[in-house]
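Here the structure comes first, spelled out in structure tokens, and everything after it is commentary.
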Amino acid sequence: MLLTRVEYVKPGAARNFLVVDAAMNDLIRPPLYDAWHDVRPVREREQAAAAAVYDVVGPICESADFLARERRLAATPGDLLAILSAGAYGMSMSSNYNSRPRAAEVLVQGSDARLVRRRESVDELFAAEQLPE
């Protein structure tokens with residue numbers, strides 16, 4: 001799964017948006033293949049009546065920067081969402097598009113979780129670059 005945090009809720013006339021900190025560079029399958037990934041809140045809200053239909057979108061501000069469309073969710077800024085079935089595609093197809101570091105990878109076995117690849121830093125993204133003389 002891909003864990004992402006809700007940055008803000010943006011209501012609209014035609015659509016409502018949950019803007020999250022993950023983006024199309026982290027999981028390209030939804031915009032590339034129109035792939036369906038179930039989206040669930042990490043912690044269920046007691047008031048399900050607060051649920052609304054949202055598009056879950058990233059901060060890159062491109063029409064292709066979405067992780068899910070038309071999902072009934074109850075979420076507020078700061079909430080964690082789990083994008084299920086991301087699997088290996090979450091890393092093998094990820095990129096540094098828009099100068100975004102790739103996400104960390106965590107291996108979970110039962111109740112044990114281990115970091116197997118740390119998140120890249122912005123400095124590491126530019127470390128191999130050099131200015132021509």
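The values are calculated or read from the model by the stated rules, or taken from the named source; none is laboratory data. Values in this document were obtained by computation on a predicted structure and should not be read as measured data. Reconstructed Cβ throughout: ideal geometry from the backbone, glycine too, with neighbour counts over all protein chains shown.
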Check ALA64, ALA68, ALA23 and return the single one that is closer than 16 Å to ALA103 by Cα, in contact with a Pro (Cβ under 8 Å, 6 or more places away or on another chain) and surrounded by 12 or more Cβ atoms within 10 Å (Cβ to Cβ). ALA23
Any idea which residue in segment 1-23 is nearest to LEU107 (Cα to Cα), counting only those that are touching a strand residue (DSSP E or B) at 6+ places or on another chain (Cβ under 7 Å), hydrophobic (A, V, I, L, M, F, W, C) and part of a loop (DSSP other than H, G, I, E, B)? MET1
What single numbered condition from (1) more than 21 Å from VAL106 (Cβ to Cβ); (2) over 15 Å from the mean Cα position of the chain (by Cα) fails to hold for PHE66? (2)
Any idea which residue in segment 71-86 is farthest from TYR33 (Cα to Cα), counting only those that are among the charged types (D, E, K, R) and surrounded by 13 or more Cβ atoms within 10 Å (Cβ to Cβ)? ASP79
Tell me whether segment 30-39 contains one or more residues that are in contact with a strand residue (DSSP E or B) (Cβ under 6 Å, 6 or more places away or on another chain) and assigned to a strand (DSSP E or B). yes
Segment 90-110, residues that are surrounded by fewer than 17 Cβ atoms within 10 Å (Cβ to Cβ) and either touching a strand residue (DSSP E or B) at 6+ places or on another chain (Cβ under 8 Å) or not in a loop (DSSP other than H, G, I, E, B) (or both): SER92, TYR97, ASN98, SER99, ALA104, GLU105, VAL106, LEU107, VAL108, GLN109
(1) modelled with pLDDT of 95 or more; (2) surrounded by fewer than 10 Cβ atoms within 10 Å (Cβ to Cβ): which one isn't true of ALA128, the others all being true? (1)
